[in-house]
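Each value in this text was obtained by applying a stated rule to the coordinates, not by laboratory testing. Bear in mind the structure is a predicted one, so any value in this text is a computation, not a measurement. Here the Cβ is made from the backbone with ideal geometry for all residues, glycine too, and neighbour counts use every protein chain on show.
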Amino acid sequence: MSCNTQQENKASHLKLWYQQPAKSGTLSNAAIVKRNDLEWLKALPIGNGSLGAMVYGDVNNEHIQLNEETMWSGGPSDNDNLEAFSALSDIRNLLFEGKYKEATTLTKQTQICKGAGTGLGKGANVPFGCFQTLGDLWLDFDSTGSFENYHRELDLDEAVVRVSYSQNGVNYKREYFVSYPDQALVVKLTANKPQSISFKSTLTRPELYQTKSTENELVMQGALSNGSGGKGLEYIARLSAKNKNGTLNFNNGFLEVKKADEVVLYLTASTNYKLSYPDFTGRLYEEISAKNLEDVQQKAYESVLVSHVNDYQKYYKRVQLKLTSSLDTIPTDLRLKTFKSNNKKSDLHLVELLYQYGRYLLISSSRPGTLPANLQGIWANELQTPWNGDYHTDVNVQMNYWPSEVANLGEMHLPLFSLMEMLQKPGAKTAKVHYNANGWVVHPVTNVWGFTAPGERSDWGMHVGAGAWLTTHIMEHYYFTLNEDFLKSKFPVLKGATQFYLDWLIPDPKTKKLISGPSVSPENKFIAPDGSMSKICMAPAHDQQVIWQLFQNYIDACNALGIQDDFLNEVQQAQQQLQGPQIGADGRLLEWNEAFEEIEKGHRHISHLYALHPGFQIDLKETPELANAARNSLDYRIKHGGGHTGWSSAWLINQYARLGEGGLAENSLKTLLSKKISPNLFGQHPPFQIDANFGATAGISEMLLQSHTNEIRLLPALPVSWKSGEVKGLCTKGGFVVDLKWEAGELIQAQVHSKKGGVAALSYKDNVINLETKAGETIQVPL
Ligand code: FUC
């Protein structure tokens, strides 16, 4: 492929681009990092699922902030509360008697976790720990002064950051990427005149590090706090370099390059963390990064780049979304600013960009064999990351994986199941100690050390439905892949969670329906009959819905695996007896078991609408009355200021899409784009929280294609402003891959590729088409 064609091709790539660097601190003031530092939110993220970097692109003092996904302070600890089970029935009776105040007091005394828990989101120095920065790579160039023709971009088609500028008559170029095949960050510096590259470089960290130099590398090493005054995780980062001409010296903790024509930097990192509970692998970890560094340097730069791009594109190129043919002539930050100043007018290029950026971030932060993407994916520049950069399981980590199946990135979903497997042992202990139940449970927060106890605050900490919600992801992956081996391997996790809720549910003394509790409707509170402000209750709608879905998952899994036994019968009966969704006198879906008045009418969580999305117990066509009640609840939330965090507005996109409301889904997308997106398109809670990015990509997919009821709905929520467009490669339940093309708001072409054969039940507007397919077949849908 000639260079020009390469250039032409690159020109058509989807990019985030800017005409100025993100201003970075310099080596001298490296230690002072501000929260939600605006300049960090202009830097560009790259990653391979475990190793991550934020590139500032500064001309004279380049700063690359580094992450490694297992960089967690803290350690394994026992937080289960031995008083819990003995008080459980008392709390339940108090709630049945309407004594919410007493029930809440007793819950606080007996049910919440022992110890410091999450440190109220500040867990860096308690055993819960915190996901922390790996550190910073600094390149201080000899060059000083002004520069021209500055361009900085993140090429989403290749997962490569490029920077170019002219200074003192020399044209400089830089290329940055994090390779999954080679497990290394690679940076190439070139200039169009010889001997033009000279800089001094080192590795630093805000604390707990030492950087040494050996003959041919810089080594930054240290150990984090275990949160109880001792040594915790050990880590190591290694930097090496290759130069063309000029000199290169490692000395006294610095790398010095003088008058080189070209330099390639390689960075690898490893820690002694192992995703098994609890386990440090000891000294071996140092060899992992040493081997990766040695191996990558044996290869030519071009081949490392090509294998990186090929590896990345095998996932990225599966889906294309075209909403506009206009060329992208406006720098991303200016485009965003323009849209923020007037979001009435759609910016379809920005929608395409946000869509694919979500897919890019998932490929870059969650790969087979890594940890799942946390609240910030793998990117954090602090020691005390907001909410510890952990795994919140009361919407956030689930939202991270909503796009994985429909947007054709099923492999990126796998780390979530590894986390569930790691939680089996501690979760079984919590189930037994707290509720004398079999199976396993997790509450609204967990971490890399296997935290499964309720949180330290009774209000949000007692989300007992979290385990069910998390586990529903197993069948979501199966419904889309029909991968029986996967299902067999994860069946014990699914059965364990189902076992727990069978033991946990009790009959409501009045209705005899099976109910969950004491528990909460994540993070919302109500005025209780005793006048108290409460969260603790019996039968929050959310729990009833996630448990219904889990039981349905279990039933479907048994059907798929040909399992028929007494336990299955028990699950089927229990599902029948579950307290189901209820509609209040005002036509809204009840959030609690009674029509309690919410304290915060515009609360960011919409936990009682789980059944509409991501669940499928409520559906526009199959349960129109409940869907209409859900609609009333959504409108009520928004009327009172709902959707006021990035993830919350992203959830609304999905919810309105499930209601076939393209215009309202687009409104929520506009709210997200105009209020909760950073210059580098990172989602904002605020602060930075990546679930908004993933939720938006999932929401846009849901507007174009849905299959939650096994009926494949084509263009179910197409906004009027998306007049013409095309989407290729979206996935559906049943193992189908769908391409759609529309003009003037009308579907004109549809193609279905069948991975597994079987009937594809398609619907477009009121037309239903049942397509008989064979595995491997691709069919043009007769419209
Ligand atoms: C839940 C949400 C918050 C935040 C935190 C990480 O607690 O209610 O808004 O997203 O997770």
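Quick notes on this one:
- Pairs of Cα atoms nearer than 8 Å and 6+ residues apart set the relative contact order; for segment 324-416 it is 29 percent.
- Relative contact order for segment 49-147, counting Cα pairs under 8 Å that sit 6 or more residues apart, in percent: 42
- Span-like helix ranges in the chain, DSSP H, alpha carbon extent 27 angstrom or more, Kyte mean at least -0.5: 414-435, 484-504, 541-561
- Entries in Lys42/Lys601; Lys322/Lys490; Lys23/Lys193; Lys322/Lys676 that, when Cα-Cα distance is taken, lie over 29 Å: Lys42/Lys601; Lys322/Lys490
- The aspartates and glutamates within cross-link reach of Lys723, meaning a Cα-to-Cα straight distance under 18 Å and a gap of 8 or more places when in the same chain, are Asp347, Glu352, Glu661, Glu666, Glu702, Asp739, Glu743, Glu746.
- Separation of segment 46-86 from segment 307-332 is 28 Å, based on Cα centroids.
- Proximal lysines to Lys101, defined as alpha-carbon separation beneath 17 angstrom and excluding residues fewer than eight positions away on the same chain: Lys525, Lys535
- Within the same chain, lysines fewer than 8 places from Lys495 are excluded, and of the rest, those with a Cα less than 23 Å from its Cα are Lys425, Lys429, Lys432, Lys513, Lys733.
- Table column - 3J(HN,Hα) (Hz), segment 127-134, Karplus curve with 6.51, -1.76, 1.60, x for Gly and Pro: x, 4, x, 7, 6, 10, 4, 7
- Remark: segment 374-386, residue by residue, has Karplus-estimated 3J(HN,Hα) of 8, 4, 10, x, 10, 10, 8, 10, 10, 8, 10, 6, x Hz, where x stands for each Gly or Pro and the curve is 6.51 cos²θ - 1.76 cosθ + 1.60 at θ = phi - 60°.
- Net charge in the neighbourhood of Gln398 (other residues with Cβ under 10 Å of its Cβ; Lys, Arg +1, Asp, Glu -1) is -3.
- Based on the reciprocal of the average 1/r between different C-alpha atoms, the Kirkwood radius for the chain equals 27.1 Å.
- Amide H partners (placed H, <5 Å) of Trp592, local residues excluded: Ala541
- Sites Val759 and Thr214 - FRET efficiency at Förster radius 45 Å, r taken between beta-carbons, to 0.05: 0.10
- With contacts taken as Cα pairs under 8 Å and at least 6 residues apart, the chain reaches a relative contact order of 12 percent.
- Take 761-773, 421-433 and order them by the average number of nearby Cβ atoms within 10 Å per residue, most first; the result is 421-433, 761-773.
- Our note on the geometry: Cα centres of segment 235-276 and segment 686-701, 34 Å apart.
- Segment 411-472-segment 631-681 distance, computed between alpha-carbon centres (Å): 28
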